[in-house]
Amino acid sequence: MNKIETNLNDCYILEPKRFGDDRGYFSSITKEELEELGFKGFYQKSESKSVKGTVRGLHFQKDPYCQAKVVYCTNGAVLDVVVDMRKDSSTYGKYTSVKLTQENGKMLYVPRGFAHGFVALTDDAVFNYFVDNKYAPRMEGGIAWDDKEVNIPWQETFKEYNIESPLLSAKDSNRSSLKESGVSFYRKPRKFLVTGVTGQLGHDIVRELNERGENDILALSSKEMDITNREQVMNIITTYKPDVIFHCAAYTAVDKAEVDPSYCENINVNGTKNIVDASLKIGAKVIYTSTDYVFDGEKDTNDSYIEEDIPHPLSVYGKTKYLGEEEVRRNPKHFVARISWVFGINGNNFVKTMLKLANSHDELNVVSDQIGSPTYTIDLAKVLVEMAFSEKYGTYNVTNEGYCSWAEFAKYIMQRNNKDCHINPVTTEEYYTGKDMSNIAYRPKNSKLNKTKLETFGFEKLPTWQNAVDRFSKELESNKVYKYTKF
């Protein structure tokens, strides 16, 4: 394959070599060749057909669903056009164009952070492209095809190919200019630091970043970075200089926290303070996971908690997580995500416990007067990674859709996994009858978190908790082992 530089940084014309005779030809392009260009892994192949004069573009997807593309024409001809939208690129705001035809077999490699479009020069122009990231309709964007400052000489092409007027979709007829788009792409790859990677959420955040093609990740366990060791935290973070810190490390043993509150406070408050202080030194965003335990749960169960409700934690764990929130808010570039009833593949959780107990019990007593939202860490990680690429800072409730009691949750787990174990709904008081309550943490009765703000600010709602349990059950059935990888 011949790789020909264009006037834009990192954008190349590709000429796969053709081998043939009078019967025809054969050509190919390899995965390794694409990766050398910056293509982060095949995700999808698409095809469009256009009549002469059709202009499609100039399109892009916002981070973290930004796509690199390899485009080519398998029938007819198009003039392909791309614009560099990366603000730290020396070719920002400039364009390049190349004629792609069935005969010349040329391809164009379009990096992430570019707007892309084309005009069909013939009828029945069939256009193909490979992309390296998921198609996400919510994250679609575009700039005006005739942006005067970009100054693409479309009229010269229209005149040369006898195109009287371009055919545009309603959406493409009303795009804003590059400067007005408000979208920020960068040539320099972002760097991510994840604390608590051996936990459920930290593990799935790394998986989600990998899924989006991000690989510059420092994912650390408590053994590799003790967040209560200020000197160590400062040294690691200021040396690595991440753009985003996902702070997932926390002390979550809610009952043990009642016995040793100072230990819990040291991790959840002092440790978080160290992370925030280091983030302020390097200007990094911080994404912090908090909890439904910041509320007392005494609200009527017909109502739900919004982000603006005044916290009133009644357990050591809840108090320390709220104090951690306050530490994080010292960084203007922060996200606080309040979550609840979390389950994922890389750790212990309620789903795994119920399935294990079902193997040795015919029936189980499960609390029925505590209401909340079970939350799958795979779904949670998607939203948190999307936040990492935005500037919509603040506090959000982030859980799967719908509410249930622990007993209803348990019944669904048994049903979905074909377990013949009867669930007896009991009150919290009945469940703890005869037990020493001095070492038992207070559990909120109402942990219903309202997610309206999440949707209002453009983030995607998570699927229902039942759908999440279905998918997690399949993940458990697959017996696939996910290993922590340090980057």
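Just so it is clear, none of the values below were taken in a lab; they were calculated from the coordinates. Worth saying up front: this structure is predicted, and the values here are computed from it rather than measured. Don't worry about glycine lacking a Cβ; one is built from the backbone with ideal geometry, like all the others, and counts go over all protein chains shown.
Exposure proxy for Ser279, Ser97: other Cβ atoms within 10 Å of each Cβ, ordered fewest to most, give Ser97, Ser279. The alpha carbons of segment 192-477 occupy a box of 54, 41, 37 Å along the principal axes, longest dimension given first.
Computed about its Cα centre, the charge dipole of segment 2-174 is approximately 400 debye, with only Lys, Arg, Asp and Glu carrying charge at their Cβ.
Put simply, when 362-369, 471-478 are sorted by average Cβ atoms within 10 angstrom per residue, most first, you get 362-369, 471-478.
Pick out, from Gln415, Leu449, Tyr431, the residue whose Cα sits farthest towards the positive end of the charge dipole of segment 412-456, with +1 on the Cβ of Lys and Arg and -1 on the Cβ of Asp and Glu. Highest projection toward the positive end goes to Leu449. Ranking Val367, Phe389, Ser478 by how far each Cα lies toward the positive end of the dipole of segment 356-487 (charges on Cβ) leaves Phe389 at the top.
Restricting segment 23-125 to trypsin sites (Lys or Arg not before Pro) that sit in a DSSP loop and have at most 14 other Cβ atoms within 10 Å of their own Cβ leaves Arg23, Lys87.
Report summary: the helix-based calculation at 222 nm, which adds -39500 (n - 2.57) for every DSSP H run with n ≥ 4 and divides by the residues of the chain, gives -7500 deg cm²/dmol. Each of Ser173, Asn151, Leu193 was placed along the dipole of segment 150-296 (beta-carbon charges, centred on the mean Cα), and the one lying farthest toward the positive end is Asn151.
Separation of segment 1-55 and segment 317-378, taken as the distance between their Cα centroids, equals 47 angstrom.
The protection proxy used here, the mean number of other Cβ atoms lying within 10 Å of each residue, ranks peptides 377-390, 1-14 as follows, highest first: 377-390, 1-14. Note that segment 2-174, at 25 °C in a medium of 0.890 mPa s, gets a Stokes-Einstein diffusion coefficient of 148 µm²/s from its Kirkwood radius over C-alpha pairs. The peptide list 284-293, 211-220, 424-433, put in order of mean Cβ contacts within 10 Å with the highest first, becomes 284-293, 211-220, 424-433. Hey, how many Å between the Cα centroid of segment 403-436 and the Cα centroid of segment 256-304? Their Cα centres are 28 Å away from one another. When a/c reaches 1.5 or more, the comparison of a/b and b/c decides; with that in mind, is segment 1-60 rounded, prolate or oblate per its Cα gyration tensor? Oblate, because a/c is 1.5 or more while a/b does not exceed b/c. In a simple Cβ point-charge model (Lys, Arg +1; Asp, Glu -1; nothing else charged), the chain has a dipole of about 860 debye relative to its Cα centre. Only the Cβ atoms of Lys and Arg (+1) and of Asp and Glu (-1) were treated as charged; on that basis the dipole of segment 192-477 about its Cα centre amounts to roughly 520 debye. Note that the chain carries a Kirkwood radius of 25.2 Å, evaluated over its alpha carbons pair by pair.
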